[in-house]
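Every number here is computed from the coordinates shown, using simple stated rules; none is lab data. Quick caveat: nothing in here was measured; it's all calculated off a predicted structure. Using ideal geometry, Cβ is built from the backbone for each residue, glycine included, and neighbour counts are taken over all protein chains shown.
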Amino acid sequence: MRASDRLGAFVADALRAGHARPDIVRALTEAGWSRGEAEKALADWAELSYPLPVPRPRPAVSAREALVYGLMFVALGVTVFQSINLGFALIDRWLGDPMEDFSWTAWRVRGALASLAVFTPLFLVLNFRTGRAARADRSLRRSAVRDWLAHGAMFFAALTLVGDLVSAVSAALGGGLHPDFLAKSALVALVAGAIYLYFRGFTRTAET
């Protein structure tokens, strides 16, 4: 039996025997468990007046959810990347060097628009369907796949914001804050911030 299983079994037996939660935490910490481990094990059991310990629901993992959420997040990633790529191409066209060859810019615009035409509707449809399913069945909000992917998206969005800020500071110190750079930096910050806030709300729905 794994240590976590033994800990869960002990907590269940202690609650079944009528011991108070602070006493269980004290006994576990005296036995060498950390307070966080003890409190987490207790959090797996609901505080109810029912005579037996009632387990709380745990996040579930299924292959179908992994497929749906994985496809949805890939579609989002392509949509975000190509949106920024399109924005950069338009900024180069409007604020860049007027002597630049625009054939490369036109190719970037066509490629970005083609990707957005496919992946943006795919993301919107999957996002709508998963959101509707989660509202109808609260257990779907506890999907471990959904939680990991959402926090992963927040992690990369936060890294992007930090990197964007570092790039802006570096450009300012080097006298490189040109209009096209400022526009691109603002675009990246806007997109990364929107993604972070969206998935912050995404994870909060799992807590309600």
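Under 1.5 on a/c is rounded, so check that first for the chain, then, if it is not, pick prolate when a/b is larger than b/c and oblate when it is not; a ≥ b ≥ c are the square roots of the alpha carbon gyration tensor eigenvalues. The shape class here is prolate. Relative to the first principal axis of the alpha-carbon coordinates of the chain, what is the inclination of helix 102-136, with its axis defined by its Cα atoms, in degrees from 0 to 90 and to the nearest 10? The angle comes out near 20 degrees. Using only Cα atoms and rounding to the nearest 10 degrees, what angle (0 to 90) does helix 144-173 make with the longest principal axis of the chain? Tilt of helix 144-173: around 40 degrees.
Per-residue ellipticity at 222 nm, computed for the chain from helices alone with -39500 (n - 2.57) per DSSP H run of at least four residues, works out to -27000 deg cm²/dmol. Can you find, among Ala114, Gly36, Ala192, the residue farthest towards the positive end of the dipole of the chain? Put +1 on the C-beta of Lys and Arg, -1 on that of Asp and Glu. My answer, from the dipole projection, is Gly36.
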